[in-house]
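See below for the structure under consideration.
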Amino acid sequence: MEKRKFLYDGKAKQLYATDDPELIIMLFKDDASAYNGVKKSSIKNKGILNNKISSLIFQKLEENGIKTHFVKQLDDCNQLCKKTEVIPLEFIVRNVVAGSLARRLDIEEGFVPANPIYEICYKNDDLRDPFINETHARAMNLATEEELKQILRLVPQINEIMIDMFANVGITVVDFKMEFGRDKNGQLLLIDEISPDSARFWDSKTKNRLDKDRFRRDMGKIEEAYREVLERLGER
Ligand code: TYD
C-alpha cells in the first residue's frame, strides 16, 4: 500500500491517504506531549513500540468481536486503517483511581472504586478537551443517539477484554481512553490507538508504572517501560 497525500500531523501520529479512498496510513511518531501540549519531548522508539502495542490490542479486540478501524500493521511505525469520520469525543474508563481523577476528587492514586468509572471529554484543543457528559454530547449533536447508545454499550465490553488481556501478563489496566469514528457506511468503529500514551498500565504486583506517567512525572526509563508492555504481550 503506497503512502499518498499527507493528511494530518497530530501530537503523536501522522495520517496519510493511500491509493484506496477508504484506507489511510497512520504513522506513529516518537514525539511525546502531556498536559495539553505544555510539556513536549521525544521518546526514543516510542513510535515503533506504540504501533506494535496498539496493533496487538486492536487485533485482540477484533478477535473478540469489537469492530475497529485497524486493518494491519505495515511496518515498524505504520499501520493501515479504515478511514472514518471522527466523532469528537473521548471516552475514558477508569478501573483504578489515578491522574486527574485523583486530583479532582482528592482520592489517593491506587484506590479501587466499587465499579469502573466512565468519563467523556469533548475533543477540542482550543477548549482543552473539556469534561462533558452524555447530555452535552447529545445537545451539541456530537454523535447520534444511536451512536451514543452503541458506544456506551461498547466501552464496558472493551474494558473487560482489556482487563483480561493484561491480567494474563501481570498488568493492571488502571485507565484508558477510547475514540470512535464512522466509516463511509455509517458503521461505528473504534479508532485511534490504545497504548501506554493513552492508558495507564501498572505492574499488578509492584505497581510499577509502565506508561506515559513516567514522562509526565519525569520518572525516567520511559522506553524501557513501553518495551516491557510489548514484551509481556508476547512480542519484541
Ligand atoms: P486523566 O487522568 O484524565 O488525565 P491526565 O493524563 O492529564 O492525568 O487521563 C486518564 C487516562 O486517559 C490516561 O491514561 C490518559 C488518557 N487520556 C488521553 O489519552 N488523552 C486525553 O486527552 C485525556 C484527557 C486522557
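The values are calculated or read from the model by the stated rules, or taken from the named source; none is laboratory data. Predicted model, so just to flag it, every value in this text is computed and none were measured. Neighbour counts run over all protein chains shown; Cβ positions are idealised from the backbone, glycine included.
A few remarks follow.
- Strands (runs of 3 or more DSSP E) lying entirely in region 63-143 (those with 2 or more residues that are in contact with a Pro (Cβ under 8 Å, 6 or more places away or on another chain) and within 11 Å of the ligand (Cβ to nearest atom)): 89-94, 117-122
- Each residue in region 33-62 was checked for being among the aromatic types (Phe, Trp, Tyr) and part of a helix (DSSP H, G or I), and 1 pass.
- Out of Arg94, Arg182, one residue alone is in contact with an Asp or Glu (Cβ under 7 Å, 6 or more places away or on another chain) and within 30 Å of Met1 (Cα to Cα). It is Arg182.
- The listed residue being under 16 Å from the mean Cα position of the chain (by Cα) and not β-branched (Val, Ile, Thr), out of Lys39, Lys13, Lys82: Lys13
- Index of the failed condition, Gln14 passing every other in (1) over 22 Å from Gly234 (Cα atoms); (2) at pLDDT 95 or above; (3) surrounded by fewer than 12 Cβ atoms within 10 Å (Cβ to Cβ): (3)
- Test: residue in region 142-161 that is modelled with pLDDT of 95 or more and at positive phi: no
- Contact annotation: residue pairs with Cβ atoms under 6 Å, 6 or more positions apart or on different chains, pairing a residue in region 1-28 that is more than 15 Å from Phe70 (Cβ to Cβ) and among the hydroxyl-bearing types (Ser, Thr, Tyr) with a partner that is modelled with pLDDT under 95 and not in a strand (DSSP E or B), are Tyr16/Lys3.
- Residue within region 114-134 that is at positive phi, at pLDDT 95 or above and surrounded by fewer than 14 Cβ atoms within 10 Å (Cβ to Cβ) present: no
- Subset of region 197-221 (residues that are of a type outside the set (Val, Ile, Thr), more than 8 Å from the ligand (Cβ to nearest atom) and within 19 Å of Ala167 (Cα to Cα)): Phe201, Trp202, Asp203, Ser204, Lys205, Lys207, Asn208, Arg209, Leu210
- Long-range neighbours under 6 Å by Cβ, at least six apart or interchain, first residue in contact (Cβ under 8 Å) with a residue 12 or more places away in the chain within region 34-49, second surrounded by 14 or more Cβ atoms within 10 Å (Cβ to Cβ) and among the aliphatic types (A, V, I, L, M): Ser41/Ala32; Ile43/Ala32; Ile43/Ile222; Leu49/Leu230
- Against the conditions (1) in contact with an Asp or Glu (Cβ under 7 Å, 6 or more places away or on another chain); (2) farther than 21 Å from Met219 by Cα, Ser42 satisfies every one except (2).
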